[in-house]
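Heads up, the thing below is written out as structure tokens.
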Amino acid sequence: MRIIRTIDYRDMSRKAANIISAQVILKPDSVLGLATGTTPLGTYGQLAAWCAKGDCDFSKVHTYNLDEYRGLTHEDPQSYHYFMRKNFFDKINIDIANTHVPDGSNPNADEACAEYDRMVEEAGYPDLQLLGIGRNGHIGFNEPDDVFSKGTHCVTLTPSTIEANSRLFEREEDVPRQAYTMGVQTIMRARSILVIANGEAKAQAVYDMCFGPVTPKVPASILQLHTNCVVVADEEALSLCPRD
């Protein structure tokens with residue numbers, strides 16, 4: 001695991017965008033695993049700006065998002081499908097048919113998850129998987145558990161995750177209580193992983209991810225075992241980590 005220390009959120013976003021753009025430049029038909037939430041917004045904005053200038057071409061790229069709220073259609077303004085179009089896909093030259101998000105509108109969890117696993121496997125798994133990290137160490141919606149998850153599955157969100165995600169809703173009670181999420185085993189099959197984090201609130205989770213024991217109680221800790229994982233985080237998020 002390699003750690004890149006950045007000054008602030010803007011610096012983190014730009015350095016993360018550099019890594020993603022390099023992947024796309026070197027392999028124009030890359031498969032990218034993408035994340036949602038507020039942390040990647042700066043990275044997506046920087047990539048969109050470079051795309052508008054002609055410095056980054058997404059026309060052959062395929063994407064697979066980590067997760068989606070259960071019970072929301074693609075058109076729902078609170079869905080992650082809608083989030084990705086609004087904040088990234090509609091701002092770059094990607095073929096929308098090449099973008100994929102779990103089908104939250106399918107009430108049959110087993111069917112929806114199996115179908116998404118099939119799609120990701122047929123794509124050959126991501127060349128680069130972008131991740132954020134939750135305050136409790138979750139990645140995607142893989143919450144602390146007794147075992148590491150495998151494939152895409154339905155998860156009941158913890159109170160801390162619901163609280164953290166409530167900033168994107170009018171009221172906390174509007175946040176869906178379940179989601180479909182790519183499993184830890186699937187995430188680990190990506191050829192490279194990029195984790196981004198900012199802010200003091202993430203400091204303990206980042207420390208546990210990088211230096212704590214590998215345990216499903218901190219799902220992100222499994223990334224210590226990946227052969228090509230880079231963490232890009234600002235000073236506040238790395239405040240508990242040794243500098244060397």
| field | the chain - percent of accessible surface contributed by carbon and sulfur, probe 1.4 Å | value | 49
| task | Determine how large the accessible area of residue 15 is when every protein chain is in place; take a 1.4 Å probe and give Å² rounded to the nearest 10. | result | 70
| field | Rounded accessible area per residue of segment 2-234, 1.4 Å, Å² | value | 44
| Cα centroid distance between segment 174-244 and segment 125-146, in Å? | 6
| note | Note on the chain: alpha-carbon gyration tensor, axes a ≥ b ≥ c; rule is a/c under 1.5 for rounded, else prolate if a/b larger than b/c, else oblate; result rounded
| task | Give, rounded to the nearest 20 debye, the magnitude of the charge dipole that segment 152-191 has about its Cα centre when Lys and Arg contribute +1 at Cβ and Asp and Glu contribute -1 at Cβ. | result | 380
| said: If each residue of separation counts as 0.36 nm, what is the full-extension length gain between residue 82 and residue 95 once their alpha-carbon separation is subtracted? | reply: 3.1 nm
| task | Find how much the distance from residue 75 to residue 115 grows on full extension, using 0.36 nm per residue of separation minus their present alpha carbon separation; answer in nm with one decimal. | result | 12.4 nm
| query | What FRET efficiency comes out for the pair residue 158/residue 10, r = Cβ-Cβ distance, R0 = 30 Å, nearest 0.05? | reply | 0.50
| field | Long pairs among 53/202; 91/202; 53/86; 60/91; 15/150; 60/86, criterion Cα-Cα beyond 27 Å | value | 53/202; 91/202; 15/150
| task | Mind putting a number on the dipole of segment 2-234 about its Cα centre? Charges go on the C-beta only, +1 for Lys and Arg and -1 for Asp and Glu, and I need it in Debye to the nearest 20. | result | 880
| Short version: ³J(HN,Hα) in whole Hz for each residue of segment 108-115, in order, from phi by Karplus 6.51 cos²θ - 1.76 cosθ + 1.60 (θ = phi - 60°), x for Gly and Pro, what are they? | 7, 4, 4, 5, 4, 6, 5, 5
| Computed E for residue 123/residue 224 - FRET, C-beta separation, R0 30 angstrom, nearest 0.05 | 0.70
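The values are calculated or read from the model by the stated rules, or taken from the named source; none is laboratory data. Worth saying up front: this structure is predicted, and the values here are computed from it rather than measured. Cβ atoms come from the backbone with ideal geometry, glycine included; neighbour counts cover every protein chain shown. These area figures cover heavy atoms from the full protein model, side chains too; ligands, DNA and RNA do not enter into them. Shrake-Rupley method; radii C 1.70, N 1.55, O 1.52, S 1.80 Å.
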